[in-house]
1. Considering only protein heavy atoms and a 1.4 Å probe, what is the carbon-and-sulfur percentage of the accessible area of region B:318-447?
2. So, how do all the Cα-to-Cα distances of the protein assembly as shown break down into 20 Å bins, in percent, from 0 on up?
3. Evaluate 2.2 N^0.38 Å with N set to the residue count of region B:353-425, then give the Cα radius of gyration divided by it.
4. Quick one: of A:LYS23/A:LYS148; A:LYS240/A:LYS288; B:LYS28/B:LYS167; B:LYS306/B:LYS398, which pairs are farther than 19 Å apart, Cα to Cα?
5. Modelled label-to-label distance, A:LEU43 and A:ASP190, 7 Å Cα→beta-carbon offset: nm?
6. Please list 3J(HN,Hα) in residue order for region A:281-298, calculated via the Karplus relation 6.51 cos²θ - 1.76 cosθ + 1.60 where θ = phi - 60°; whole Hz, with x for glycine and proline.
7. Show me the ranking of peptides A:244-254, B:331-341 by mean Cβ neighbours inside 10 Å, starting with the highest.
8. Please state the shape class of region B:1-137: rounded when a/c is under 1.5, otherwise prolate if a/b exceeds b/c and oblate if not, all from the C-alpha gyration tensor.
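The values are calculated or read from the model by the stated rules, or taken from the named source; none is laboratory data. None of the values given here were measured: they were computed from a predicted structure. Using ideal geometry, Cβ is built from the backbone for each residue, glycine included, and neighbour counts are taken over all protein chains shown. Protein only, heavy atoms only, side chains kept; ligands, DNA and RNA dropped before computing areas. Shrake-Rupley method; radii C 1.70, N 1.55, O 1.52, S 1.80 Å.
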Amino acid sequence: MYPIIVLSVAGILSMFIGAFKLKKVALPAVLLATLAAFGSNLLPQNFNDTPLYSGMLQFDWFSIRYAAVMIAVTLVILILSRRYYRDAAEHLGDIYALFLFSVVGGMIMVGSMNLVMFFVGIEILSIPLYILAASERNNLLSNEAGLKYFLLGSFITVFMLLGIVLVYGTVGSFDFDAINSFVHSYNSSDELPMLFKVGVLLILVAFIFKISAAPFHFWSPDVYQGSPAVIMVFMATVAKTAAFGGAYRFLDACIGPMSDDFSVMFAVLAALTMSIGNLMALRQDSLKRLLAFSSVANAGYLMMGFIGLNEKPTDTTLYYMLVYSIANVIAIAVYLTVKESQGSGSIAGLRGLYQSKPLLTFCLVLAMLSLAGIPPLAGFVGKYAIFVEAIRDGYAWLVVIAAINSVLGIFYYFRVMRAAFEPAEGGPVQVPYVLGYSAVLVMCTLALLVLGIFPNLFFGIW
Amino acid sequence: MENLIWLIPTLPLLGFTVLGLGARSLPKGMAAFIGCGMIVAAFLLSVGLAGPIFSGESLSQDLFTWMRGSRWSVNFGFQVDQLSWMMMLVITGVGALIHVYSAGYMHDDERHNYFFAYLNLFVFFMLLLVMGNNYLLLFAGWEGVGLCSYLLIGFWFSNNEYNDAAKKAFVMNRVGDLGFLLGLFLTLTVFGSLNYSELFAEGADLEAYGSTAIFTAITLLFIVGAAGKSAQIPLYTWLPDAMAGPTPVSALIHAATMVTAGIYLVLRSLAFFELAPFTLNVLMWLGLATSIFAATIGLKQNDIKKVLAYSTVSQLGLMFFALGLGAYVAAFFHLVTHAFFKALLFLGAGSVIHGMSGEQDIRKMGALRKVLPVTFIVFLIGTLAIAGIPPFAGFVSKDQILLAAYEHSPVLFALGIGASLLTTFYMFRLLFLVFYGQSRADHHALEHAHESPLSMTLPLGVLAVLSVVGGFLNWPGLMGGNFWLQNYLSPVVKEAEKHHHISHSTEWGLMGLVVALVLATIFLAYQKYISKAAVPAEDANEAGVGKVLNQKYYVDELYDAVFVKPTQALSAWLGRIFDPKILDGLVNGTGTGLVAFSSAIRKIQDGAVGIYLFIFAFGILLLLAFQFLF
């Protein structure tokens, strides 16, 4: 509960900072607030295992874990955004405020115990994203990304609302506990009213859209490509973490035993999503677009975690999300550096990076290796854990497809790595130094290594 | 000493870290010293474990729990038994020699320090591979060595061809790894564990877990992995191309250690393989076919390293052949002796290349025995060893494989001899063309030709000695030996039941026959390349069978047509469907100015969003149908 309050207040204050044109204060203040939110999230008082506010929100271990990951990743993205927004003249305070509001929305989503709160959360998460996607006002691509995201997002929202209405119509309550006991009152989910089942499916559709899984993934490469890089990585990491957390919350707390009904659907969609994502990523020349499709592919792997939800912890998904986020942040940070000096965001633009920035290359290489799932990096542990769980649930065919896909993925991640090692035609490029940038990147990179060798540092805490 | 097991792989890792961080600031001599020192120290530590190992114990050290899921867990720990100890000695011993050699060979390279960093990293992963106490650590090492191999093949990355070679090695290995990984998942599903101590515990009844079909599936998947790593048909094509890397890399990774990981995997999983007779048969034929196939290609290659590369593929095939025959000790024995003489040959070849200012084409060599006397002697020893002249190391190990083949059937024996005679022929062809006859080198290279420095000749000398005496490790009882290696390995590797025993006289007879045939082959090679002074034709002038061999049976072209092109086509096709060109235009238009933008936007207004919405709606209907109609 506390981090929601802290970040909401900080967001409003940040808008004040924007109004008073205190540009220099904006980032430190926002960082401080984010740190405070992270700390307050871990306070014992923050924990409660009965829903607060008439059964609206529940900050149990599940929400706290997801909130912790979201806030931490946001913190890193904010630090790295310094490079990106160095020269931005206006609205910096507003932009940071939108970041914070979006995280607040994510936390509400994963903590909600009521469909109304749930819906509010998803909208608070999304609306700032629509604006952020379009925040580079002079760039037509960015404008287009924002508009497209908004149009498609609203379209899906309509279906989600319809779903909520159908569920409410059959159960007579928005409350997760009430809906859960409604499901339990039937012996088997086959006997559930058809309208209820359709409603649930429509709500799930919204998640499939938010995590950019097939067949609703079309928007994400376009939107990711058009959005400013910092926003893109925020969407691919924090927003997705929120969407996955929300989906789990819904599947687990709301429809409970019924979630098994969707296992086959999720398995098929997961297989489709990862295959499309990987095959499409193979032929991308733009690093950003490659990462966008890789994000689609990873959504596929993550969806495997939706299968057989009833008897397994959701730790593996969160772990995967965390290490995927870290690797993605590193990749985008390198992208920003290269873009700045080369003016080109293509993979070929990475050439010569090794000559001028060996440390940055090292970070990029480890990030790519982690994404590719090469042991002993964290990405491998994440994939392995998810695959093993799926096998245990009897989805061997899915794991075979996933394993083939992860091999496919290695190709394009390695293309990126390889480009970084190739010599540049025009000699090494000079990149201006930005305070703390490399330090944060190296720390993220080390985190990938440490989490890979000692995953229990993560799994053991909770 | 036994508490320090963890230190053995940690030392090279430490070396990598120090060298990697200090690559720019460390002087070359210092870097080489650190690089070599770490491996030598690891070697000495390994030797220090001899006591308990010789008394038949298996040492283990659990460090911590690596991963824990809700229903499974994997430890991070080491296990040193007789099999892994011998591997460790080969890795760190031969590895140390090659490190010392590299100090001379790479001395003038501007990325000298990185080279040692990568080599150290490789040794770390290789040690992890053989020392891990479960399959997942083995896999981690397996991936790690593949990665180092990739980095080192492409070490001279300014050459695009080299990059392609690195990429190819990577692709082939990935295909293999996929098989291995699936095998691991299957193992975990069936047995619920990946720890050796649980899977292969004394008296564990594996058969209770599954049918022969299960074991066949697991082992076949393992073989796919092994074929990738150890360059067997159909995944062997990367190894010859991998010769693009610096020669010490070829010696260490692509001859002595990494490529033998597949054999280690099979030996480690013998309990599974024993229950899958079908797989053993596959292994046997696969190995034999690879052995002959690669040897025939070796006949027509003209790059000194390519010849050795095909010879490596062929010898690895022979080891798989032996495994398939059930002659496990012979296979491992050949692995060890092969590590000696093939490392020797590669380093010798490196010395030739070094002396000849980078020339690798044997048609442009000749008469080098006077210019490079030391190199000549060691190369001769290596050639005699691989050809199978007694009492050199290769003779003893190969003879034991052929004997095992004879026990199975005389046909296999004959085919095995065929493969090894081909080896003899192309190796002597190489020797004669490089060191004898008239010099065909250009003047420039010849003027600068020089013998290599001591840091290079010393390791050559040590390896030469090992290639001579290596055979005594498992000297046959027939000739007064006591099969030391076989007895030593007995706690881990037990030979399969012999089909029927061969009498001493038959054994002597077979041995004599083999040696006579080898000598005859050498004579043939002598006739052709010394008496008649034949020089291989230019590639373009080859015809008929010669051309097919010279072009390596066109396998690369075949793979390209069957696998690479269709995948690209599929990706492009998907691109047309799932990533409409409309948007591609938008994406790529960033640099092309306003015209592109306006037209792109017009296209959006034309309805890209509309199309998306339509697909969304259709998708929702599809999901509803999927969920509620089926």
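1. Within region B:318-447, the accessible surface is 65 percent carbon and sulfur.
2. Histogramming the protein assembly as shown at 20 Å steps yields 12, 40, 32, 14, 2, 0 percent.
3. On the way: Rg = 16.3 Å, N = 73, 2.2 N^0.38 = 11.2 Å.
Relative to the 2.2 N^0.38 Å estimate, region B:353-425 comes out at 1.45.
4. Numbers: A:LYS23/A:LYS148 30 Å; A:LYS240/A:LYS288 17 Å; B:LYS28/B:LYS167 29 Å; B:LYS306/B:LYS398 22 Å.
Checking Cα-Cα distances, A:LYS23/A:LYS148; B:LYS28/B:LYS167; B:LYS306/B:LYS398 exceed 19 Å.
5. So the two model labels end up 5.2 nm from each other.
6. Couplings: 5, 4, 9, 8, 9, 8, 4, 5, 5, 4, 5, 5, 5, 5, 5, 4, 4, 5 Hz.
7. Details: A:244-254: 23.2, B:331-341: 27.5.
For the peptides A:244-254, B:331-341, the packing ranking is B:331-341, A:244-254.
8. Oblate, because a/c is 1.5 or more while a/b does not exceed b/c.
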